[in-house]
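Here the structure is laid out as structure tokens; the discussion comes afterwards.
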Amino acid sequence: MDLRFTDEELAFREEVRAFVKANLPDSIRQKIIEGRHPGKDDLVTWTRILHKKGWSVPHWPVQWGGTGWSPVQLLIFNDELQQAGAPESLAFGTSMVGPVIYTFGSEAQKQRFLPRIANIEDWWCQGFSEPGAGSDLAGLKTTAKRDGGDWVINGQKTWTTLAQYANWIFVLARTDSSVKKQEGISFILVDMKSPGVTVRPIQTVDGGHEINEVFFDDVRAPLENLVGEENKGWNYAKFLLGNERNGIARVGISKQRLRRIRQLASLHTYGDKPKIEDPLFRMKLAAVEVELKALEMTQLRVIAGERNREKGKPDPASSVLKIKGSEIQQATSELLMDVVGPYALPYETERSDGDRWNEPPVGPDWAATIAPTYFNLRKVSIYGGSNEIQRGIIAKAILGL
Amino acid sequence: MNFDLSEEQQLLKDSVERLLADRYGFENRKTFQKTPEGWSRDLWRQYAELGLLGVAFAEADGGFGGGPVETMLIEEAFGKALTLEPYLATIVLGGGLIRRGGDTEQRAALVAPVAAGEMLLAFAHAERQSGHDLFDVGASARKDGAAFVLSGEKGLVLHGDVADKLIVSARSAGGRRDRGGIGLFLVDAGAPGVSRRGYHTQDGLRAAEITLTDVRVEPQNVLGDPEGAYPLIERVVDEAIAAISAEAVGAMSEALDMTVDYLKTRKQFGVAIGAFQALQHRASDMVVALEQARSMMMLATMMASDDNSAERRKAVSAAKVQIGRSARFIGQQSIQLHGGIGMTMEYKVSHLFKRLTMIDIAFGDADYHLERLSQSDGLIG
């Protein structure tokens, strides 16, 4: 047992760190660290920088642009990018539909879509949740019916993240309503420009526009856009949801935020002394750091255990990472609220391009994003299978209850 | 980075677990606990035969040259079985002080009999007023020529009632709460001026209050620098924290296993109670708490022998915080999910709970270590 990184792993970390330092544009880094949302252009710019280096989809098979890195290297890579303030890759393409396509898709689908995901020429969004199908995803009602050479899709998807930028959506639709609900679902790729697709924005609690409703009215998609077998979509969806072990804990992001908390708490005088000198605040900060250190080790243990696992089978331990990782992210956002204090109050909207603030800020120039970040991060214990769903998975898959 | 055990370590783990599975069922434990000493001399001999008592010592001193990982494996198995023998007192604390602080002659004289199971040690350090502060030592070591004369009261001396030799901390210089001026002294338990009052502890172990009245210690029985033993004490206590972290993880995993078994078999309202979501989610939270604790046990094990004392102390404190919190949650919830049966003395879960409670308190509880950690520059770097 040796929990330290090997010399090779340390050298790899240095390589990644140096690359990010030299290539991540300052304007993007600044935006992420200050808690603002990267715009579409930022993500495209950064993904193409990574793609040029061969690092945009490192976890994919080498044949499709992957790197062949070990799970530990992938972990180091994600952690370094997160800590450096790089935008996260567009998971809907790189971690969701991409792996589904290279695992279950046709040769034509692989050739057509995978290179465009790797270079972010397509912007993918996820058509899973519906107004009546959240945690009970298999209860979805959107239908796809065969008509000549097409699927005809009708229904409504919701909570569709960044659909406003998307040109493709992967849709779970019911193709057989006569069988058990999990057995009549298919996984279909739909061009967002198809007639009958309507995107309507949903404003979230922080005032931002991340999510949308997507309506399908007699939308036609060619039959060949079915992934894998008809009525097997639930299996692919489960594969997709359980697939994102690496980075689900967001350890790097929480580390970066804790560093920022320390920095701001040292700069910001709160009453008669910097917040960092408040013993109660220091105790709260230390408590979160302990949890994060433990999570970092837990994540390493899960990754190390991966090589002993059946390939492609989700590890229920990723539910542990999801629960703890989301709780810690939320706790860091609460610490930021402690740091800013009363000047959390002013509400300022971002310009429509999402790029910069309208006017000189009210209060400290770093204060305006803090309350919205706190509000926004309530999502992390809800999305990707709520923490209660994760507890159910642990009870069933780990404990056999 | 790897989490794999070496072949020897795997063998050690298997053999300890096998021995305890054969010989340390909960009914056997009750029998051992009822003996006057409160533990099993027979098992102690078996531990010696398996090499468990010598594994942490250097080969040159008569040990097997193992390290913190070996101790972790042994302690985790001990925690599962809730063993009563004086391993922490004799091997981890007493043995650790001799291993790290003893000179060649002292190691030559003590390691072999300890490893053979023929000599028991205890660390007489805490005092009524000291709380969790390791530097708070009021007992005095008055110089008398080249010898020292010890006087004072030592409390909560784990297995101090049966120890053959005590390692006593006493102050040869400075004020009661100074970090300097503390020495460690090897004292025969039967030496003139030593009186011991043994008693049961809440968690089924044994301890003693010890009074020292003008106890004479010859120079060859001074362990290290008689005015500078504090760093040694800290270091060995850090190792002990790693060891009891592993014991706690063993006890927590046993408590969780028993709880899950119970949820699957206990029926109410016509179904196994594990079918109820409120209980499933509680059990899942116990899994999360256990995994986080296990991770920090490994961190403590890795860092407990680190020579960088600032980094070592941060890691050990962080581990103790996590262990304390997880132990409290899992201990309490394993009783709650068992319901009435969990409240009874005859059932193992209640004993796991009690040991876990006392592990949190030992060597500084979660709040103490959180405060210590909060005064540092943090864990993130």
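The values are calculated or read from the model by the stated rules, or taken from the named source; none is laboratory data. All values derive from a computational prediction rather than experimental measurement. Cβ coordinates were reconstructed from backbone atoms using ideal geometry, including for glycine residues, and neighbour counts include every protein chain displayed.
One residue stands out in the range A:368-401 among those that are hydroxyl-bearing (Ser, Thr, Tyr) and in a helix (DSSP H, G or I): the one that is nearest to the other protein chains (Cβ to nearest Cβ), namely A:SER381. In the condition set (1) within 12 Å of another protein chain (Cβ to nearest Cβ); (2) of a type outside the set (Lys, Arg); (3) closer than 28 Å to A:ASP2 by Cβ, B:ALA327 is compliant with all but (1).
Taking the range B:115-166 as the region of interest, the strands (runs of 3 or more DSSP E) fully inside it that hold 2 or more residues being under 15 Å from B:GLY198 (Cα atoms) are B:121-124, B:147-158.
Entry remark, the range B:62-78: residues being over 19 Å from B:ASP257 (Cα atoms), surrounded by 20 or more Cβ atoms within 10 Å (Cβ to Cβ) and in contact with a Gly (Cβ under 7 Å, 6 or more places away or on another chain) number 1 in total. Within the range B:1-58, the residues that satisfy the criterion of being touching a residue at least 60 places away in the same chain (Cβ under 8 Å), under 21 Å from the mean Cα position of the chain (by Cα), over 24 Å from B:ARG99 (Cα atoms) and in a loop (DSSP other than H, G, I, E, B) are B:GLU37, B:GLY38, B:TRP39.
For (1) over 30 Å from A:LEU300 (Cα atoms); (2) at pLDDT 95 or above; (3) not in a helix (DSSP H, G or I), each residue gets a yes or a no:
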position	(1), (2), (3)
A:PHE77	no, yes, no
A:GLU80	no, yes, no
A:GLY93	no, yes, no
A:GLY98	no, yes, no
A:TYR102	no, yes, no
A:LYS110	yes, yes, no
A:LEU114	no, yes, no
A:ILE117	no, yes, no
A:ILE120	no, yes, yes
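Selection of the range B:280-315 for residues being farther than 30 Å from B:LEU232 by Cβ and at the interface with chain A (Cβ under 8 Å from one of its Cβ atoms) yields B:GLN280, B:HIS281, B:ALA283, B:SER284, B:ASP285, B:VAL287, B:VAL288, B:GLU291, B:GLN292. From the list A:ALA286, A:ALA249, which residue is over 30 Å from A:THR143 (Cα atoms), outside any strand (DSSP E or B), out of contact with any Cys (no Cβ under 7 Å at 6 or more places or on another chain) and without any contact (Cβ under 8 Å) to a residue 24 or more places away in the chain? None of the other options fit; the residue is A:ALA286. Hey, does the range A:10-27 have a residue that's within 26 Å of A:MET297 (Cα to Cα), more than 25 Å from the chain's Cα centre (by Cα) and within 14 Å of chain B (Cβ to nearest Cβ)? So far as the range A:10-27 goes, yes, one or more of its residues are within 26 Å of A:MET297 (Cα to Cα), more than 25 Å from the chain's Cα centre (by Cα) and within 14 Å of chain B (Cβ to nearest Cβ). With respect to (1) facing chain A (nearest Cβ under 8 Å); (2) crowded, with 16+ Cβ neighbours inside 10 Å, the lone exception for B:LYS264 is condition (2). Considered as a group, the residues in the range B:337-381 that are away from chain A (no Cβ under 11 Å) and of a type in the set (Gly, Ala, Ser) include one that is nearest to B:LEU134 (Cα to Cα), and that residue is B:GLY364.
Going by what's in this entry, would B:LEU88 be described as modelled with pLDDT of 95 or more, closer than 14 Å to B:LEU186 by Cα and either crowded, with 23+ Cβ neighbours inside 10 Å or not basic (Lys, Arg) (or both)? So B:LEU88 fails the test. The C-beta contact set for the range A:21-35 (first residue without any contact (Cβ under 8 Å) to a residue 60 or more places away in the chain, second residue loosely packed, with under 13 Cβ neighbours inside 10 Å and among the charged types (D, E, K, R), distance under 6 angstrom, 6+ apart or interchain) is empty.
Selection of the range A:189-198 for residues being over 10 Å from A:VAL219 (Cβ atoms) and crowded, with 21+ Cβ neighbours inside 10 Å yields only A:LEU189. The residue list B:VAL321, B:VAL316 contains one member that is at pLDDT 95 or above and over 21 Å from B:ILE74 (Cβ atoms), which is B:VAL321. Residues that are buried (at least 19 other Cβ atoms within 10 Å of the Cβ), more than 9 Å from chain B (Cβ to nearest Cβ), in contact (Cβ under 8 Å) with a residue 40 or more places away in the chain and touching a strand residue (DSSP E or B) at 6+ places or on another chain (Cβ under 7 Å): does the range A:264-276 have at least one? So far as the range A:264-276 goes, yes, one or more of its residues are buried (at least 19 other Cβ atoms within 10 Å of the Cβ), more than 9 Å from chain B (Cβ to nearest Cβ), in contact (Cβ under 8 Å) with a residue 40 or more places away in the chain and touching a strand residue (DSSP E or B) at 6+ places or on another chain (Cβ under 7 Å). Looking only at the range A:280-294, residues that are within 15 Å of A:ARG257 (Cα to Cα) and either more than 8 Å from chain B (Cβ to nearest Cβ) or hydrophobic (A, V, I, L, M, F, W, C) (or both) come to 7 in all.
Taking every residue in the range B:278-304 that is under 12 Å from B:ALA319 (Cα atoms) and pairing it with any residue that is aromatic (Phe, Trp, Tyr), at least 6 positions away or on another chain, the pairs with Cβ-Cβ distances below 8 Å are B:MET298/B:PHE3. Of all the listed residues (B:ALA310, B:ALA293, B:ALA283), the sole one being at pLDDT below 95 and assigned to a helix (DSSP H, G or I) is B:ALA310. If you check B:VAL69, B:VAL92, B:VAL111, B:VAL137 for being touching a residue at least 24 places away in the same chain (Cβ under 8 Å) and within 14 Å of chain A (Cβ to nearest Cβ), only one passes: B:VAL69. Tell me which of these A:GLN330 doesn't satisfy, since it passes every other one: (1) within 30 Å of A:LYS396 (Cα to Cα); (2) facing another protein chain (nearest Cβ under 10 Å); (3) touching a helix residue (DSSP H, G or I) at 6+ places or on another chain (Cβ under 7 Å). Unmet condition: (2).
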